[in-house]
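Down below is the structure, laid out as structure tokens.
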Amino acid sequence: MSDPVLSVQNLTTHFFTRAGVVKAVDGVSFDLARGEIMGLVGESGSGKTVTGFSLLGLVDAPGRIVDGSVKLNGTDLLTLPASDLRARRGREISMIFQDPIATLNPMLTIGQQMLLAVEAHERLSKRAATARAAELLTQVGIPSAEMRLRAYPHEFSGGMRQRVAIAIALLHRPAVIVADEPTTALDVSIQAQILLQMRDLAAETGTAMIWISHDLAVVSSLASKLAVMYAGRIVEQGPTADLLRDPRHPYTAGLIASLPAMTTPGLPLTQIPGTTPSLLSLPVGCPFAPRCDRSSEECQRDPEMTDQGDRGWRCFHPVTRPAEVPA
Amino acid sequence: MSVFLKIDDVSRLFGPKLSTGEKIAAKLGAKVETRSVRAVSDVSLSIRKGETLGLVGESGCGKSTLGRLIAGILPPTSGSVSIDAAAVMENGRKVTTRVQTVFQDPFASLDPRMKVGETVAEGPIAHGLTTKSGAKTYVAEWFERVGLDPVWVDRYPHQFSGGQRQRIAIARALAMKPDVLICDEPVASLDVSIQAQIINLFLELTQGLDLTCVFISHDLSVVQHVSDRVAVMYLGRIVELGPVAEVFGQPAHPYTAALFGSVPKLVLDADELVRFDSIEGEVPSPLSPPSGCYYHPRCPLASDKCRTAQPATTEISDLRAVACHHFETQLSGQ
Amino acid sequence: MSVDRSPLGKFWAEYRENKMAVVALIIVVLMILLALFAAVISPQNPYDLANLSLMDSRRPPGFVGSGGYTHLLGTDPQGRDLLSAIFYGLRISIQIGLAAGLVSLSIGTTLGILAAYLGGRIETLIMRLVDLQLSFPAILLALVIVAMLGQGKAQLIGALVAAQYAYFARTAYGAAKAERGKDYIEAALATPLSARLVVWRHMLPNCTPPLIVVATVQIANSISLEATLSFLGLGLPVTEPSLGMLISNGFPYMMSGRYWISVYPGVALIILIVAINIVGDQVRDQFNPRLRK
């Protein structure tokens, strides 16, 4: 691909807790092209949220980014001093969080918050800033934008608040937006509306997106590329269609197969035995081996990423048959 | 069809609990919220023994409240719930142990300061299903039944994972030997790979113990997998009820069709990957529902009749019912 | 699934990390021991009037008295060995502080939980009463009650309880109300289990953390309140000097250089109260960060 807008190499974030070192993100690498939507999929403890936070430099003590680089438009964000990073955060890369209630300040009107966000990075007259805010609210599908600017967050429904959060994220036309489970807390019908909106917005503005989620179906409706995370690493990545139809990593295959939609109703679902390992005491070698029915002696070693064109997987025994679809 | 669990014209209102100060303020003319919420309106269901009924809908539809009404946790404002012709509640108190609940958040539903074995044993001891001395064996048996090591009865909830805690919650409900099990979003807070395990456990237990279940969930694919029949709720009313395959395959209510259509589904066939459509608008506030049919502002089939008259429930077949003025149009448009 | 210590074990492990809190705890334990064994370790029994000799009064630290031993901290105007008087005084302070604290805890917690659980008019009645009481300064209330009831240990404890139960009631009420809405209480009630069982076995144990914090603070408060009352002459009778009375006795001599009569009991009192407060702070902080996890 032509120069990626975001290039992450070997990102490693550890948490130094009283109980030990938690290797939340362990050597994550991926590229994101301009306007591309990438899905970061994983269950709890996979490291997907911490990855998102690391990209924006929002990791708090006892966590710390210990290795790797995050190159946004060529500049490594991790080597920048705090003030420079702050300048770019919100302007070139921004974030949408899961809980719309927590994102917005209940004491300020939407308009006041959006103006603050504008002022943080640009000098605009109040009128120009208000106009920009109103324009964005309309773009995310909030009617009567000017009037709504004077409203408080509690006067909006959950779906509306999330749209406001999206509008704020878009204020400075960032190159990349990191969205952490933005529709998980919303109703199904609102989720569908926002998914369509995001798809259109990405196309219109050319903003690249990283969509973090545990829901394969939701992510696949938007993302052209998927990365599956397990125990802090990316275990498989590639174009969405290829990955879903023809998963290589046993974990990916297991995740797809365990969806209720993949089994005839009433019959037992395909399940992945066991539970995700504790990040405090990861097994030696491949972290998925204890749960994998394809594991062998070889899996005592840590598998490297095998690359094949635009796909990659970390496995000594990749799956080769396509995912089954119920009759 | 013999009815085992009967929900008879049940409604539940939540009035504003005004404090003395607020009552005075209201009298003096201040703007105090005095409207009530009709969380559940005129719901009637006849469920056979051994049947699993799925209850779906979005936030504010009343499915959780209905679950608590059936479980005897909340008394209905009007109507009644009975199991095998015996009332579940009398004078606002639950008078039977035949219906038990599995709650959504496995962490919050277990007392963090009690050993899990004691939590599971508490109900059975209080109701004579086992004695204090026999409790340990009794609980151990149920632990094994739900796939947990009996050795863990002396542990505290925080020492378990989410999936394990939910197994404990299931053990607690089943240790009361109920005939009816209400599951309120039992897998919503679990990881996908654990969801499959718990769903399989649920199927195995309900079939093995011949339990009658009400399975409440916002996840349509899960409901489709575990239920025999499904009821779709909107703003406190049941808009459609029927066997899962029929309702999911040929919905009779426009909301059902729109709801099912808006969930992204992995299709994985030759030319399509994921399929979904979106509905217009949002669910109205339950404090001020629309006139006539609650769904009319968002419905593509809405007519004048829909704006003025609440649709009655029509029984399409022995097992199927719908509340819509234009269900025939909806069905024929498939 | 993690295999770890009991909740108490974990609590202690975390507590140990704050060195100052450990020192404070040691001090508190030490003072309790001193108070318990006061009769054994004191060179003199300050209550026994026959023992006292006016010849020994107002002597400085290091003075060898008529009893034949060294008064390490000097003597007071009645000829009492100050060290012994401080030990006995500590005993009184701790006894009264604990007694008042525990009784307030029981009464306040019961009222608070009842109010939260029953709701309605009872809740309003109880909590408005509590609010009213909280708006009065504790000292004022205690003074009035002691004035009404007269002097004596029981009366003193009664006054302190009346002044302090409201703090416990309010804390218990807040905690109970928060727990009342939680799923595990709903689950227990749904079995169904009787209200009494639910309150006793579920609500109470889960409301204890904030109550423990309030208890440590209030015990310290009781001790200082009692000292204040004794200082004003409204506490225990003259023959049973508590730390407050000792301080009061020595007050007139502060300007004439005989500082030890007031200062040493004062220092002992301050150390006790501060140590209890530090322990209380640590306990409170430990109960809080749990939420951060």
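The values are calculated or read from the model by the stated rules, or taken from the named source; none is laboratory data. Source: prediction; values computed, not measured. A quick note on method: Cβ atoms are made from the backbone with ideal geometry, for glycine too, and the neighbour counts reach across all protein chains shown.
Which of the residues spanning region B:70-81 are within 14 Å of chain C (Cβ to nearest Cβ) and either part of a strand (DSSP E or B) or among the small types (Gly, Ala, Ser) (or both)? Within region B:70-81, B:71, B:72, B:81 qualify.
Collect the residues in region C:132-151 that are part of a helix (DSSP H, G or I) and touching a residue at least 24 places away in the same chain (Cβ under 8 Å), keeping them in residue-number order. Break it down stepwise before answering.
Of all residues in region C:132-151, those part of a helix (DSSP H, G or I) come to C:132-134, C:138-149.
Of everything in region C:132-151, those that are part of a helix (DSSP H, G or I) and touching a residue at least 24 places away in the same chain (Cβ under 8 Å) turn out to be C:133, C:134, C:138, C:139, C:142, C:143, C:146, C:147.
For region B:247-334, which fully contained helices (runs of 4 or more DSSP H) count at least 1 residues that are within 14 Å of chain A (Cβ to nearest Cβ) and surrounded by fewer than 19 Cβ atoms within 10 Å (Cβ to Cβ)?
On the way: elements: B:254-261, B:304-308, B:327-332.
Hits in region B:247-334: B:254-261.
Going by what's in this entry, would residue A:185 be described as under 30 Å from residue B:62 (Cα atoms) and crowded, with 24+ Cβ neighbours inside 10 Å? No: the conditions fail for residue A:185.
Selection of region A:171-191 for residues being among the hydrophobic types (A, V, I, L, M, F, W, C), outside any strand (DSSP E or B) and at pLDDT 90 or above yields only A:175. Annotation note: Cβ proximity below 7 Å between a residue of region A:266-292 that is at negative phi and away from chain B (no Cβ under 11 Å) and a residue that is of a type in the set (Asp, Glu) and in a loop (DSSP other than H, G, I, E, B) (sequence gap 6+ or interchain) occurs for A:286/A:302. Restricting the first member to region A:127-138 and to residues that are surrounded by fewer than 20 Cβ atoms within 10 Å (Cβ to Cβ), and the second to residues that are not hydrophobic (A, V, I, L, M, F, W, C), the beta-carbon pairs closer than 7 Å and six or more apart or on different chains are A:130/A:111.
Filter region A:153-181 for residues that are within 14 Å of chain B (Cβ to nearest Cβ) and touching a strand residue (DSSP E or B) at 6+ places or on another chain (Cβ under 8 Å) and give the result. Hits for region A:153-181 are A:162, A:181. Scanning region B:191-228 for residues that are facing chain A (nearest Cβ under 9 Å) and outside any helix (DSSP H, G or I) gives B:191, B:218, B:219, B:227, B:228. So which residues in region A:272-304 are at pLDDT below 90 and touching a strand residue (DSSP E or B) at 6+ places or on another chain (Cβ under 8 Å)? A:276, A:279, A:280, A:281, A:282, listed by residue number. If you go through region B:152-190 and pick out every residue that is within 14 Å of chain A (Cβ to nearest Cβ), assigned to a loop (DSSP other than H, G, I, E, B), buried (at least 19 other Cβ atoms within 10 Å of the Cβ) and among the small types (Gly, Ala, Ser), you end up with 1.
What do you reckon, is residue B:84 surrounded by fewer than 19 Cβ atoms within 10 Å (Cβ to Cβ) and either at positive phi or facing another protein chain (nearest Cβ under 10 Å) (or both)? It would help to see each step written out before you state the result.
On the way: surrounded by fewer than 19 Cβ atoms within 10 Å (Cβ to Cβ): yes; either at positive phi or facing another protein chain (nearest Cβ under 10 Å) (or both): yes.
Judged against the criteria, residue B:84 is a match.
The combined condition, being farther than 26 Å from residue C:217 by Cα and either in a helix (DSSP H, G or I) or of a type outside the set (A, V, I, L, M, F, W, C) (or both), is not fulfilled by residue C:95. Once region B:87-136 is narrowed to residues that are polar (S, T, N, Q) and facing chain C (nearest Cβ under 10 Å), the residue that is surrounded by the fewest Cβ atoms within 10 Å (Cβ to Cβ) is B:96.
Can you pull out the residues in region C:152-196 that are polar (S, T, N, Q) and within 24 Å of residue C:136 (Cβ to Cβ)? It would help to see each step written out before you state the result.
In the first step, residues of region C:152-196 are kept if they are polar (S, T, N, Q); the result is C:155, C:164, C:171, C:191, C:194.
Matches in region C:152-196: C:155, C:164, C:171.
Counting residues in region B:43-66 that are surrounded by 15 or more Cβ atoms within 10 Å (Cβ to Cβ), free of Cβ contacts under 8 Å to residues at least 12 places away in the same chain and in a helix (DSSP H, G or I) gives zero. Against the test of being of a type in the set (Ser, Thr, Tyr), in contact with a Gly (Cβ under 7 Å, 6 or more places away or on another chain) and at negative phi, the options A:109, A:205, A:130 yield a single qualifying residue, A:130.
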